[in-house]
Amino acid sequence: MSALQSLATILGLGFVSGVNLYLGALVTGLAIRFHLVTNLPPELGILAHPAVLIASGLLFALEFFADKIPVVASVWDAVHTFIRPIGGALLALGAAGHLDPTVQVLAALAGGTLALGTHSAKMGFRLAAHVAPEPATFTAISTAEDVGVAGLLVLAFTHPVVALVILILLIAALVFAIPRLWRILRFLLRAAGGRLRSFFATAKRDEPPPWAQDAIHALDPDARGVVALGYAWTLKGAPRLRDGWLVGARGEWHFICKRWGKTKTHHLVTDLPQALRRDRGLFYDTAIFLVAARPIRFFVPKDWSPWLPKDI
């Protein structure tokens, strides 16, 4: 087994494990079982055992159907947060079984890290799709993932150079996307928690941090205004879904957030009829204000939504 094919197999197995661990194990096992690939390390031969093939096939079938249902897919992904990285590390370790022990350790670390990264990206992307959870969209996304997993492994086994080029591009895209997907994931988890807390009138809300309390007090010394947790979708100079605090005081609205360690206060224009609107959703409400003559959408978790005036 050449060095390029070893590298492509290690990275490929680690990468696809975070997307669909069972399909990755099934494809590899079938390739070994039917001698479609003959130069893989013997340590991966266990995947071709009939019992392992049956188990991976059944688990893949279960994931295939679970992955097509929006809410079930998210629960399934959450359960596999620890399973996929461990599986990716073990598969990468098996792919490096013929190499030096030091390389084996590095391969296991790389496989687990890649699996965790692709799993996090998949989970964040899926939760983002819950904004419009159409079954057809979820089915298309899930099917594309399965085809990509199988195709990438076939390339890693048969055309390692091509697979390495694709993997490098995918890893670069992953590094670029993960921070954004993590913000989406954090927001949606907060929104889901807020929806649950909104059912209990006595549930404790988040307190603004000290830096925000100082800025809020500067805007509203008498503490008679309105304060609500909000997430800005596209605020100039801040990443998407920047979290902060909507403050209504003395007839004006402001959004306070943190940027590069500094507290920023954005004035929200509300004097035009179309500049101020409130839409109610299942997990969060939406308030639209004008910021520098641009309409900006702010998402407010359900447990904070009652604090906003009803006419927004």
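The values are calculated or read from the model by the stated rules, or taken from the named source; none is laboratory data. Keep in mind that this is a model prediction, so the values were computed, not measured. With ideal geometry, Cβ positions are generated from the backbone for all residues, glycine too; neighbour counts draw on all protein chains shown.
Pull up region 22-35, narrow it to residues that are on the phi < 0 side of the Ramachandran plot and without any contact (Cβ under 8 Å) to a residue 40 or more places away in the chain, then point me to the one that is surrounded by the fewest Cβ atoms within 10 Å (Cβ to Cβ). Looking at the filtered set, the residue picked out is F34.
Screening V52 on (1) of a type outside the set (D, E, K, R); (2) in contact with a Gly (Cβ under 9 Å, 6 or more places away or on another chain); (3) on the phi > 0 side of the Ramachandran plot shows it passes everything except condition (3).
Given the criteria loosely packed, with under 15 Cβ neighbours inside 10 Å, under 14 Å from L21 (Cα atoms), out of contact with any His (no Cβ under 7 Å at 6 or more places or on another chain) and of a type in the set (F, W, Y), does F82 qualify?
Taking the combined requirement at face value, the residue satisfies it.
Of all the residues that make up region 155-205, how many are within 16 Å of W304 (Cα to Cα) and surrounded by 11 or more Cβ atoms within 10 Å (Cβ to Cβ)? Walk me through it before giving the result.
From region 155-205, those within 16 Å of W304 (Cα to Cα) are 187-205; that's our starting set.
If we keep only those that are surrounded by 11 or more Cβ atoms within 10 Å (Cβ to Cβ) too, we end up with 187-198, 203, 205.
Residues in region 155-205 being within 16 Å of W304 (Cα to Cα) and surrounded by 11 or more Cβ atoms within 10 Å (Cβ to Cβ): 14 in total.
Does A238 qualify as being under 21 Å from P301 (Cα atoms), without any contact (Cβ under 8 Å) to a residue 40 or more places away in the chain and surrounded by 13 or more Cβ atoms within 10 Å (Cβ to Cβ)?
Values: under 21 Å from P301 (Cα atoms): yes; without any contact (Cβ under 8 Å) to a residue 40 or more places away in the chain: yes; surrounded by 13 or more Cβ atoms within 10 Å (Cβ to Cβ): yes.
For A238, the condition - under 21 Å from P301 (Cα atoms), without any contact (Cβ under 8 Å) to a residue 40 or more places away in the chain and surrounded by 13 or more Cβ atoms within 10 Å (Cβ to Cβ) - is met.
Selection of first residues in region 196-218 that are within 27 Å of L282 (Cβ to Cβ) and outside the structural domain of Y284 (by TED's automatic domain parsing) and of second residues that are at pLDDT below 85 and among the aromatic types (F, W, Y), restricted to Cβ pairs under 9 Å at least 6 apart or on distinct chains, gives the following pairs, ordered by first then second residue: R205/W307.
Scanning region 282-311 for residues that are of a type in the set (D, E, K, R) and more than 19 Å from G194 (Cβ to Cβ), which turns out surrounded by the most Cβ atoms within 10 Å (Cβ to Cβ)? Among those residues, the one meeting the criterion is R294.
For region 111-131, a residue qualifies if it is surrounded by 20 or more Cβ atoms within 10 Å (Cβ to Cβ) and among the aliphatic types (A, V, I, L, M), and the qualifying residues are L114, A115, L116, A121, M123, L127. Can you confirm whether R224 is within 17 Å of Y284 (Cα to Cα), in a loop (DSSP other than H, G, I, E, B) and in contact (Cβ under 8 Å) with a residue 24 or more places away in the chain? So R224 does not fit the description; no. With respect to (1) touching a residue at least 24 places away in the same chain (Cβ under 8 Å); (2) within 16 Å of V19 (Cα to Cα); (3) under 19 Å from the mean Cα position of the chain (by Cα), the lone exception for I141 is condition (1).
I'd like the full set of residues that are buried (at least 20 other Cβ atoms within 10 Å of the Cβ) and not in a helix (DSSP H, G or I), limited to region 38-52. If the condition is that a residue be buried (at least 20 other Cβ atoms within 10 Å of the Cβ) and not in a helix (DSSP H, G or I), then L40 is the only one that fits. Restricting attention to region 167-198, report how many residues are of a type outside the set (S, T, N, Q) and touching an Asp or Glu at 6+ places or on another chain (Cβ under 9 Å). Total meeting the criteria: 9.
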